[in-house]
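What follows is a set of notes on a single structure, which appears directly below.
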Amino acid sequence: AHPPAVLVLINEGEEDRIVNLFEAGADDYVLKPFSGSHLRAKLDGVQAVRLGLLETSAHDPIAISDEGMILQSPDLEPGAMTQLGRYRIMGMLGRGGYGVVYRVQDMVLDRQVALKVLPKEMHNNSEAVARFFREASAISRLNHPNIVQFYEVGSFQSRYYFTMEIVEGRTLKEVAEVEAPLAPRLAARYVAEIAKALGAINSIGLVHRDIKPENVIVTPDGRVKLIDFGLVRIRDTAAITSEEDVLGTPYFMCPEYIREPGIPDIRYDLYALGVTFFNLLSGEYPFDGKNAAHVMEKHLRCPAPRVSSYQPGVPYVADRVVERLLRKDPNLRPQTPEEVLILLRPLLRAA
């Protein structure tokens, strides 16, 4: 009932063939020479995809270990929990790889807040705990109008949690799905507000690593808030574990991080900002493919298309800003969020 999985073996130096192999129907590839464990992991992965046991939509976050194994998150549903200490749970707001976010009523201060709780089954996972508290620490250090406000971190009956403000509105992804292509000035304003948030993140030595429309809320009065810091990392530091080879969302990964994921800097976030700008202006992504690996190989090997090839009426300035943000060589991109803001000024002044 299921067609056989196609795993292609290629020699070093033949990497330029990879995208064409995906286009011809390959599910994944292995670069020779390879270890037996690497080959087995790849075979298990592509077979699981064909059998429908593993979700590999390029939209979804993935993690790939050093051995090439796609790491799956456990079920994060915490059960029928209705109260956590002083917080009465009113409903779920969202969920991610390392926590579930609830709308809760603070019974002491009589206000509603967002509470992120680490699933109980992950408490013995030292990497998950470290990432959870690193996210809390990152948000607590930031006080910026374009970043969700942090309140407190704590534990109750061995359940780790932290709280933050509830940001009402739609995600930028929801906005784009309905309204894209956006007017260039509006798209530029959203991107500029994200860049301001990135400036604050960069100023304290952090890299966000998950800039994308899903992680940005547009409030009813048009303000922009960055809401998710689950993959944040201290700039120029190594991964939490050796398994954290590639972590993020394929549509937004920069080429250098796919190639050598150990040392991210703010230019990773600026590349993802370029993908976001492209999406807002065109309603499309610069690179698409049949699965996550296919998309990542396009980031590595294929020139980024111009927004104007999708939307011929896009102003030259917008086309140029996106082109610069999506350059393969990070040294040729804007180097700071402040530089992006300068490049956006003509669009923001446009009538």
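The values are calculated or read from the model by the stated rules, or taken from the named source; none is laboratory data. The shown structure was predicted, so the numbers you read here are calculated from the model rather than taken from an experiment. Neighbour counts run over all protein chains shown; Cβ positions are idealised from the backbone, glycine included. With ligands, DNA and RNA removed, areas are computed over all heavy atoms of the protein, side chains included. Shrake-Rupley method; radii C 1.70, N 1.55, O 1.52, S 1.80 Å.
Does the range 225-236 contain any residue that is at pLDDT 85 or above, open to solvent by 10 Å² or more (accessible area, probe 1.4 Å) and not aromatic (F, W, Y)? So far as the range 225-236 goes, yes, one or more of its residues are at pLDDT 85 or above, open to solvent by 10 Å² or more (accessible area, probe 1.4 Å) and not aromatic (F, W, Y). Could you check the range 114-216 for helices (runs of 4 or more DSSP H) lying wholly inside it with 2 or more residues that are closer than 15 Å to D269 by Cβ and touching a helix residue (DSSP H, G or I) at 6+ places or on another chain (Cβ under 9 Å)? Here the list reads 184-203. Quick one: would you say L280 is open to solvent by 40 Å² or more (accessible area, probe 1.4 Å), among the hydrophobic types (A, V, I, L, M, F, W, C) and closer than 20 Å to L198 by Cβ? Against the criterion (open to solvent by 40 Å² or more (accessible area, probe 1.4 Å), among the hydrophobic types (A, V, I, L, M, F, W, C) and closer than 20 Å to L198 by Cβ), L280 does not qualify.
Residue check: is T249 hydroxyl-bearing (S, T, Y), at pLDDT below 90 and either crowded, with 18+ Cβ neighbours inside 10 Å or touching a Cys at 6+ places or on another chain (Cβ under 8 Å) (or both)? It is true that T249 is hydroxyl-bearing (S, T, Y), at pLDDT below 90 and either crowded, with 18+ Cβ neighbours inside 10 Å or touching a Cys at 6+ places or on another chain (Cβ under 8 Å) (or both).
Of all residues in the range 123-132, those that are open to solvent by 10 Å² or more (accessible area, probe 1.4 Å) and either among the hydrophobic types (A, V, I, L, M, F, W, C) or under 24 Å from E168 (Cα atoms) (or both) total 2. In a residue-by-residue description of the range 318-328, the property of being acidic (D, E) and over 30 Å from Y29 (Cα atoms) applies to at least one position. Within the range 257-314, if we keep just the residues that are more than 26 Å from Y190 (Cα to Cα) and of a type in the set (A, V, I, L, M), the residue that is modelled with the lowest pLDDT turns out to be I263. Taking the criterion of being basic (K, R), assigned to a helix (DSSP H, G or I) and open to solvent by 60 Å² or more (accessible area, probe 1.4 Å), the only residue of the range 20-46 that qualifies is R40.
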